[in-house]
Amino acid sequence: MVIEAQRIPALDAYRATMMLLGLVLHSAVFTATYAPIRTNLGEDLLYLIYDFIHTFRMPAFIFISGFFSALIFTKYGARALIGNRAKRILLPLLIFWPLVTIAFQLVFALATGGSVVPAEQNFVEFYHLWFLAYLVYLNSIAVLLVKMLPWVFARPSKILNYRIGQIALYLIATLLLAVIPYTLEPDGTLKTASAVAPDNSMIAFYLIIFLLGWLAFQNQSIIINFRKHWYLFLIIGSIGYLAHLATSEQLDFDYRVVYFGASLNLSFAILGLMQKLITKTNSVVSYFSQGSYWIYIVHLPIVLLILTLLEDFEFGMGTRLSLVLTLTTLLSLASYQLLVRHKPIGRFLGEKPN
């Protein structure tokens, strides 16, 4: 198998799935945070949903982003890659970040009866769009590294054709991730680097994962083995995740190795399973793959708006989560269908004719 096209159903669906899981993750964590009626069991369950998805979602997204960046670089060159990423990532960030900030202001005003967010708190973070800034950093650094180390990143490596070489690569990557400081929150979960000021630790962290994806394009037997052995990655990742839940020694080196090992293995397992399940393009996969970018951009203000509107209703946490997730999904999809699909903004966000 040699992947050369920018639209690969399984990989495109994988990238979109990681985007759309953001709706589930944010619905769960903000419902748990702001529900007026709380139970220990309900709160713990919602935080477990958040924690599980958060363990692998962004690493998986960054991995597949590295894969597609390598594809564009290999096929069209460095200038085309930088131009593509400026158009598809940097420009949307610069346009939608202020709009999202204004939307949060309006929701905050509704929730507080007219108050607005203090001026000093505006435009100090990218909110849920932070990953776009990091993709700009990662693509820029990767191009420099490929130029400086072409024998590593610009051509296949014979050792990575062998399973032992791939296992060594995963182990080295896990250990490197574990030694980078300040990548975990005090509760032992992966840090969200939403501040506008770049976080050097998180850039280094995601650069390792991005370069793994880059190497997976240059050495596509890696992707093939994800498909062949997805269940092994799932078993290893699940054991690591359960160990992460069970340990009380958070943030020490052993914990970090287990946590990041679980993160990578779960990412690889889901990617392998996607390749098993999605072998050709279909209308549903294509629709959500192309709509996921917009849906993700608009969803978080909608989540907070719905939580604000439901504040006076005495729903249990499970019912509240179901309402928030369902309404957010429907409204986000409706906005995509009415405002974006087959329209200029859709083409701006990378929508292509099927």
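The values are calculated or read from the model by the stated rules, or taken from the named source; none is laboratory data. Predicted model only: the values in this text are computed from it and were never measured. Glycine gets a Cβ as well: all are built from the backbone with ideal geometry, and neighbour counts include every protein chain shown.
Kindly provide the set of residues from the stretch 44-71 that are more than 16 Å from the chain's Cα centre (by Cα) and among the charged types (D, E, K, R), ordered by number. Lay out the reasoning, then the answer.
Of all residues in the stretch 44-71, those more than 16 Å from the chain's Cα centre (by Cα) come to 44-48, 70-71.
Scanning the stretch 44-71 gives a single hit, 44.
State yes or no: is residue 291 crowded, with 16+ Cβ neighbours inside 10 Å and more than 30 Å from residue 75 (Cα to Cα)? Outline the logic, then answer.
Details: crowded, with 16+ Cβ neighbours inside 10 Å: yes; more than 30 Å from residue 75 (Cα to Cα): no.
So residue 291 does not fit the description; no.
Check residue 313 against each of (1) part of a helix (DSSP H, G or I); (2) free of Cβ contacts under 8 Å to residues at least 24 places away in the same chain; (3) over 21 Å from the mean Cα position of the chain (by Cα) and name the one condition it does not meet.
Among (1) part of a helix (DSSP H, G or I); (2) free of Cβ contacts under 8 Å to residues at least 24 places away in the same chain; (3) over 21 Å from the mean Cα position of the chain (by Cα), residue 313 violates only (1).
Within the group 98, 92, which residue is touching a helix residue (DSSP H, G or I) at 6+ places or on another chain (Cβ under 9 Å) and surrounded by fewer than 21 Cβ atoms within 10 Å (Cβ to Cβ)? Walk me through how you get there before you give the answer.
On the way: 98 fails: touching a helix residue (DSSP H, G or I) at 6+ places or on another chain (Cβ under 9 Å).
Of 98, 92, the one residue that is touching a helix residue (DSSP H, G or I) at 6+ places or on another chain (Cβ under 9 Å) and surrounded by fewer than 21 Cβ atoms within 10 Å (Cβ to Cβ) is 92.
Those residues that are in a helix (DSSP H, G or I), among the hydrophobic types (A, V, I, L, M, F, W, C) and touching a helix residue (DSSP H, G or I) at 6+ places or on another chain (Cβ under 8 Å), I need them from the stretch 329-350; list them, please. Spell out the reasoning first.
Step one: of the stretch 329-350, the residues in a helix (DSSP H, G or I) are 329-340, 344-348.
Checking which are among the hydrophobic types (A, V, I, L, M, F, W, C) leaves us with 330-331, 333-334, 338-340, 345, 348.
Hits for the stretch 329-350 are 331, 333, 339, 340, 345, 348.
Listed here are the residues, each with its yes/no results for (1) hydrophobic (A, V, I, L, M, F, W, C); (2) surrounded by 13 or more Cβ atoms within 10 Å (Cβ to Cβ); (3) touching a Ser or Thr at 6+ places or on another chain (Cβ under 9 Å); (4) closer than 30 Å to residue 228 by Cβ.
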position	(1), (2), (3), (4)
299	no, yes, yes, no
307	yes, yes, yes, no
342	no, no, no, no
351	no, yes, no, no
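How many of the residues making up the stretch 16-43 are modelled with pLDDT under 90 and either within 13 Å of the chain's Cα centre (by Cα) or over 18 Å from residue 310 (Cβ atoms) (or both)? Talk me through it step by step, then tell me what you get.
First, pick out the residues of the stretch 16-43 that are modelled with pLDDT under 90: 33-43.
Remaining after also requiring either within 13 Å of the chain's Cα centre (by Cα) or over 18 Å from residue 310 (Cβ atoms) (or both): 40-41.
Number satisfying all stated conditions: 2.
Among the residues of the stretch 139-195, count how many are among the charged types (D, E, K, R) and either under 19 Å from residue 224 (Cα atoms) or in contact with a Ser or Thr (Cβ under 7 Å, 6 or more places away or on another chain) (or both).
Here is the first cut: in the stretch 139-195, the ones among the charged types (D, E, K, R) are 147, 155, 158, 163, 185, 187, 191.
Next, from what is left, pick out any that are either under 19 Å from residue 224 (Cα atoms) or in contact with a Ser or Thr (Cβ under 7 Å, 6 or more places away or on another chain) (or both): 155, 158, 163, 191.
Final tally of qualifying residues: 4.
Looking only at the stretch 157-174, count every residue that is in contact (Cβ under 8 Å) with a residue 60 or more places away in the chain and surrounded by 13 or more Cβ atoms within 10 Å (Cβ to Cβ) and tell me the total. So that I can check it myself, show each step before the final result.
Within the stretch 157-174, the first condition is being in contact (Cβ under 8 Å) with a residue 60 or more places away in the chain, and the residues that meet it are 157, 160-161, 163, 170, 173-174.
Next cut, surrounded by 13 or more Cβ atoms within 10 Å (Cβ to Cβ) only: 157, 160-161, 170, 173-174.
The number of residues fulfilling the criteria is 6.
Pairs needed: first member in the stretch 200-218, in a helix (DSSP H, G or I); second member anywhere, among the charged types (D, E, K, R) and surrounded by fewer than 21 Cβ atoms within 10 Å (Cβ to Cβ); C-beta distance under 9 Å; at least 6 residues apart or different chains.
201/191; 202/191; 205/191; 205/199; 218/155
Taking interchain pairs and intrachain pairs at least six residues apart, which have beta carbon atoms under 7 angstrom, with the first residue in the stretch 122-148 and surrounded by fewer than 21 Cβ atoms within 10 Å (Cβ to Cβ) and the second at pLDDT 95 or above and among the charged types (D, E, K, R)?
Qualifying pairs under 7 Å: 136/85.
Please list, ordered by first then second residue, the pairs with beta carbon atoms under 7 Å, 6 or more apart or interchain, first in the stretch 82-101 and at negative phi, second outside any helix (DSSP H, G or I) and polar (S, T, N, Q).
Every condition considered, the pairs that remain are 101/122.
If residue 80 satisfies all but one of (1) under 30 Å from residue 161 (Cα atoms); (2) crowded, with 18+ Cβ neighbours inside 10 Å; (3) not acidic (Asp, Glu), what's the number of the condition it fails?
With respect to (1) under 30 Å from residue 161 (Cα atoms); (2) crowded, with 18+ Cβ neighbours inside 10 Å; (3) not acidic (Asp, Glu), residue 80 is out only on (2).
Looking at (1) modelled with pLDDT of 95 or more; (2) under 22 Å from the mean Cα position of the chain (by Cα), can you tell me which one residue 232 breaks?
(2)
Go through (1) assigned to a helix (DSSP H, G or I); (2) under 27 Å from residue 216 (Cβ atoms); (3) not small (Gly, Ala, Ser) for residue 192 and report which single condition fails.
Condition (1) is where residue 192 drops out.
Is it true that some residue in the stretch 233-254 is closer than 25 Å to residue 126 by Cβ, outside any loop (DSSP other than H, G, I, E, B) and of a type in the set (Val, Ile, Thr)?
no
Using the structure shown, decide if residue 111 is in contact (Cβ under 8 Å) with a residue 24 or more places away in the chain, at negative phi and either β-branched (Val, Ile, Thr) or buried (at least 18 other Cβ atoms within 10 Å of the Cβ) (or both).
Numbers: in contact (Cβ under 8 Å) with a residue 24 or more places away in the chain: yes; at negative phi: yes; either β-branched (Val, Ile, Thr) or buried (at least 18 other Cβ atoms within 10 Å of the Cβ) (or both): no.
Taking the combined requirement at face value, the residue does not satisfy it.
This table checks each residue for (1) under 30 Å from residue 348 (Cβ atoms); (2) among the polar types (S, T, N, Q).
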site	(1), (2)
14	yes, no
31	no, yes
36	no, no
43	no, no
59	yes, no
62	yes, no
68	yes, no
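What residue, among those in the stretch 316-340 that are within 16 Å of residue 27 (Cα to Cα), free of Cβ contacts under 8 Å to residues at least 24 places away in the same chain and among the hydrophobic types (A, V, I, L, M, F, W, C), is surrounded by the fewest Cβ atoms within 10 Å (Cβ to Cβ)?
First, the residues of the stretch 316-340 that are within 16 Å of residue 27 (Cα to Cα): 316-333.
Retained after the next criterion (residues that are free of Cβ contacts under 8 Å to residues at least 24 places away in the same chain): 319, 322-323, 326, 330.
Add one more test, that the residue is among the hydrophobic types (A, V, I, L, M, F, W, C), and what stays is 323, 330.
Values: 323: 18, 330: 11.
Per the stated criteria, the residue is 330.
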